[in-house]
Each structure stands twice: as structure tokens, then as C-alpha cells.
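A.B. asks: For reference, the structure I am asking about is given below.
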Amino acid sequence: MDILKETAVFKEETIALRRQLHKNPELSGKEFATTELIVKELEKLGISYVRPTETGVIAIIKGEENGKVLGLRADMDALPVEEETGLEFSSVNNGVMHACGHDAHTASLMQAVKILNLHKDEIKGTVKFIFQPSEEFLPSGAEKMVESGELNDCSAIVGIHVKSDMPVGKISVEAGPRMAASAGVDIKVKGKSGHGGTPSTAVDATVAAAAIVMNLQTIISRELSLDNMAVLSIGTLNSGTARNVISGEAVLEGTCRYYSDEAIEHVIEAVKRVAQCTASSYRAEAEVSVVPSGCGAVINDAQLSAMGAKTAEKAFGKDVLCHYPISGLNEDFSKYNAICPLLYVLIGAQNDEKFESYPLHSSKLQIDEDCMDYAAGFMAQFVIDYFN
Ligand code: NI
């Protein structure tokens, strides 16, 4: 199979589909029109499918032989962002935008369906194409897909994500940690309010909270080993009501991103210790809660990663592979790890000659649509390699 020729056949259709999705984005869990569009395409192609969740579809292509089952996953939801790209196919849904490239993921997966539908004889097993809802917000669409039981027979699942800070034509297929697990950090500092002119009669929650923010900084840098890396960020600190009133209560909210149980177990204990001891040194008190609230870490299986790297080179040549740093972002793709080993592949979508690059989730995000040839081509070639 010459993958570049294969992707070229469906290139225009794929771009048209992506633009249609981009123009009509839908929020997490509300991907009704998107799902209908995918279903219609599948029916046109005569491909069987199941609908295990309210929105979302799993298309199924059975090869010539009974064998293993491989899953390919694309997420389909958009974000509550007002688009500012000025593109002619900009979102017509106010305040909703495909600002994370999930439109490209969905269109690429459909492109892979079309390619593989012509190569059933090379599939010695079954491919399940997972068009997944609700990646951006909980409840997780991946979790619902897992709970449906429709993917229980998968022996591996491959996910893709476009990257706006990685040049188009590059692919990252790397073993080990890729996307972080996340926990919410909540701290309430209780002091005693009083007059700003007589602080000695009060216990200042603002001062205690400020000290807590500073002292938390050494948990990551002094208490965690390199094996158990993590980040800890305090995003909000709210305290006080007026310039001349000593605040009696301060509330801090933050997030921890991590890759191992050891790391989060240590952070839970340490945040509690540092916040409470710091508060008490200022005669205040701290209530602390650190709860793993997001999804687990995405850890790429070593064997699948090695296989994926070979696939990428075979499909696109020696120069295609590149390194992309371990991320502090959270992805619900990790939920599929409850079923089987995973491979999460990053696809370059940046092109400085065509447009200015903005980060994912930006209202100005643009992608080079050629990235879909790489996404679809990789998935299709990986399927063939996996079964042969
Ligand atoms: Ni995303």
C-alpha cells in the first residue's frame, strides 16, 4: 500500500468534511449533528456501526480473517470559545469553536475508514473506529465508551492529536509518559477579620495565604524525585472584601499534574502539611483537599510505540519522526487503558508560511489541513502493519 497515494484519493473529501465540522462545532456531550453526519457517511459507504453512547459512533470493519481487534480513536467535541480566525468556514455557532483540532481528528478518522474499506483483504482481524464524544469536559466520553462494553475485545487502541506547535509533516510516536493525570487543589485559609488600621486584633488570612502560595513552591522542587515529576500551580487566590478590612478568609484553587501514584500520594500529603503548618505559624487554620479529579496519565505502550515509529517511517520516510515534550495537559484517552495498552500519536499541524501559530484552545487556532493526510495515513498504515 502506497499510503500517500491512498490519502490523496480522499484528500478533498476529507478537507470538505473537516470544514463542515469546523463551521458547525458542537460542545461536549452535544455532538448530535456531528454524530448524524458521521453516521450518514458510514451508511453511504455501507459500513456497519454501533452507537453505544447518546452521541458518538463506533464504525466496524471486519477483515477477511478472525483475529485481533484494533481500535482507532478520534474525539469530536468543540470548545466554548468565540472563533477569531477570520476563516471563510468559521464557526456559525456563537461562542463555540473547534479550537482543539477535534474537527481534523474526526475527518482524519473518516479518511482512514475510507482507505481501509478498500483494503479489507489486508486486515486479519477487526478495526473499530471510535468517534468519541466529550473529551474536553467531564463526564468523559472515553469513560462512557469503555463502560458500554463495545470495546472490550480491543487488544490495542490508537489515538491521535494534532499539535499547532509542531510543524506539519512531523509525527511524534514516543514510548512512556505523554499526557499527565490531574488533581484539583483546594485550600481554605481561616483567620479572624478585623480593622485594617489595627491588624494586631485580627488574624490576617491574606498574609497566611500568600505565605502558603510561596511555601508550596518547594514541594515539587525539593520533595519529589525526577522519577516522580509533577507540577503544582495555584490559579486563584481570593481574599478580603475591602481595603481597610483585614480578611478573615482566603480561598486558593490550583491544579497538580503528574504521572505516577507515588507523585500524587506525596503531593496530597505535602500540600496538607505545608498549608496547615504555614497557616498555623500565622495563627490561622487551613482546610486542604487535593483530589485526583481529572483523567489518568496517558502512558504509551513500549511495544506499540516501537511498532508505530516503524509505521510512520515506512509511510512517510525517515525524517517524519520528531520529539515532542512530555505534556502537562490532561486527556481522557487514558480511560481506554482500562481495556488494553494504548498508543497516543501527535501529528504536526503548524505551518509558519501559511499562518501565525496559536496554541490549542486559542480563538485564533489554525491548522495546516495537510496534517490530516498524516493522521489518516498513519492510522491506515498502522492497521495494516498491526495485522501483518
Ligand atoms: Ni484536544
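The values are calculated or read from the model by the stated rules, or taken from the named source; none is laboratory data. Here the structure is a predicted model, which means the values were calculated and not measured. Cβ sites come from the backbone with ideal geometry, for glycine too, and all protein chains shown count toward neighbours.
A.B. asks: Looking at (1) in the same structural domain as Leu116 (by TED's automatic domain parsing); (2) under 27 Å from Ser233 (Cβ atoms), which one does Val274 not meet, given that it meets all the others?
C.D. replies: All conditions are met except number (1).
A.B. asks: Related question: Quick check on this structure: which one of Val291, Val320, Val271 is within 25 Å of the chain's Cα centre (by Cα), away from the ligand (no atom under 16 Å from the Cβ) and farther than 30 Å from Ser108 by Cα?
C.D. replies: Matching residue, one of Val291, Val320, Val271: Val291.
A.B. asks: Quick check: anything in the stretch 301-313 within 29 Å of Glu265 (Cα to Cα), not β-branched (Val, Ile, Thr) and not in a helix (DSSP H, G or I)?
C.D. replies: yes
A.B. asks: Hey, could you check the stretch 324-365 for residues that are of a type in the set (Gly, Ala, Ser) and in contact with a Cys (Cβ under 8 Å, 6 or more places away or on another chain) and say which is farthest from the ligand (Cβ to nearest atom)?
C.D. replies: Gly348
A.B. asks: For a quick check of your reading of the model, give me the residue pairs whose first member lies in the stretch 100-112 and is closer than 8 Å to Ala78 by Cα and assigned by TED's automatic domain parsing to the domain that holds Ile347, whose second is aromatic (Phe, Trp, Tyr) and within 14 Å of the ligand (Cβ to nearest atom), with beta-carbon atoms closer than 9 Å and at least 6 apart or on different chains.
C.D. replies: Short answer, once both residue conditions are applied: none.
A.B. asks: Mind checking whether some residue in the stretch 139-162 is over 22 Å from Val50 (Cα atoms), out of contact with any Phe, Trp or Tyr (no Cβ under 8 Å at 6 or more places or on another chain) and of a type in the set (Gly, Ala, Ser)?
C.D. replies: No, because not a single residue in the stretch 139-162 is over 22 Å from Val50 (Cα atoms), out of contact with any Phe, Trp or Tyr (no Cβ under 8 Å at 6 or more places or on another chain) and of a type in the set (Gly, Ala, Ser).
A.B. asks: Within the stretch 37-91, restricting attention to residues that are within 19 Å of the chain's Cα centre (by Cα) and in a loop (DSSP other than H, G, I, E, B), which residue is nearest to Phe378 (Cα to Cα)?
C.D. replies: Met76
A.B. asks: Does Gly125 satisfy the condition of being in the same structural domain as Ile61 (by TED's automatic domain parsing), within 16 Å of the ligand (Cβ to nearest atom) and closer than 18 Å to Leu72 by Cα?
C.D. replies: It is false that Gly125 is in the same structural domain as Ile61 (by TED's automatic domain parsing), within 16 Å of the ligand (Cβ to nearest atom) and closer than 18 Å to Leu72 by Cα.
A.B. asks: Any idea which residue in the stretch 98-122 is nearest to the ligand (Cβ to nearest atom), counting only those that are in a loop (DSSP other than H, G, I, E, B) and either in contact with a helix residue (DSSP H, G or I) (Cβ under 6 Å, 6 or more places away or on another chain) or within 22 Å of Lys5 (Cα to Cα) (or both)?
C.D. replies: Among those residues, the one meeting the criterion is His98.
A.B. asks: Quick check on my filter: what residues within the stretch 129-168 are part of a helix (DSSP H, G or I) and more than 14 Å from the ligand (Cβ to nearest atom)?
C.D. replies: Within the stretch 129-168, Glu143, Lys144, Met145, Val146, Glu147 meet the criteria.
A.B. asks: Looking only at the stretch 72-97, how many residues end up being more than 11 Å from the ligand (Cβ to nearest atom) and among the small types (Gly, Ala, Ser)?
C.D. replies: Counting residues in the stretch 72-97 that are more than 11 Å from the ligand (Cβ to nearest atom) and among the small types (Gly, Ala, Ser) gives 4.
A.B. asks: Right, here's the next one. Would you confirm whether or not the stretch 111-120 contains a residue that is small (Gly, Ala, Ser), over 17 Å from the mean Cα position of the chain (by Cα) and buried (at least 24 other Cβ atoms within 10 Å of the Cβ)?
C.D. replies: Within the stretch 111-120, one or more residues are small (Gly, Ala, Ser), over 17 Å from the mean Cα position of the chain (by Cα) and buried (at least 24 other Cβ atoms within 10 Å of the Cβ).
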